[in-house]
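What follows is a short report on a single structure.
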């Protein structure tokens, strides 16, 4: 079985091949970075600034980015372990 045929379930719901997972993560990580840039450019005012989610939006999004990068590392390690098991 080649490495392209190894499938891993993400969150126990969706099966991914390594290439499919990397394509999905590239889109997710790109969108997260774009949202972070926009959050740093937009400064909430009025009632928006009173809400902690919007007042610290850029930091929440940075937290999401760190979580996504950690998830990517964990999933890539799972792919590597499963590929090694098939050899």
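Can you name the helices (runs of 4 or more DSSP H) wholly within the chain that have at least 2 residues being surrounded by 12 or more Cβ atoms within 10 Å (Cβ to Cβ)?
On the way: elements: 18-41, 47-50, 52-55, 57-86.
Passing ranges, in order: 18-41, 52-55, 57-86.
Cβ contacts < 8 Å: first residue farther than 21 Å from residue 65 by Cα, restricted to region 1-25; second residue exposed (fewer than 14 other Cβ atoms within 10 Å of the Cβ) and at pLDDT below 90, any location; separation 6+ or different chain. Result?
1/86; 6/86; 17/4; 17/5
The values are calculated or read from the model by the stated rules, or taken from the named source; none is laboratory data. Just so it is clear, the structure is predicted and the values come from calculations on it, not from any experiment. Please note: Cβ atoms are built from the backbone with ideal geometry, for glycine as well, and neighbour counts cover all protein chains shown.
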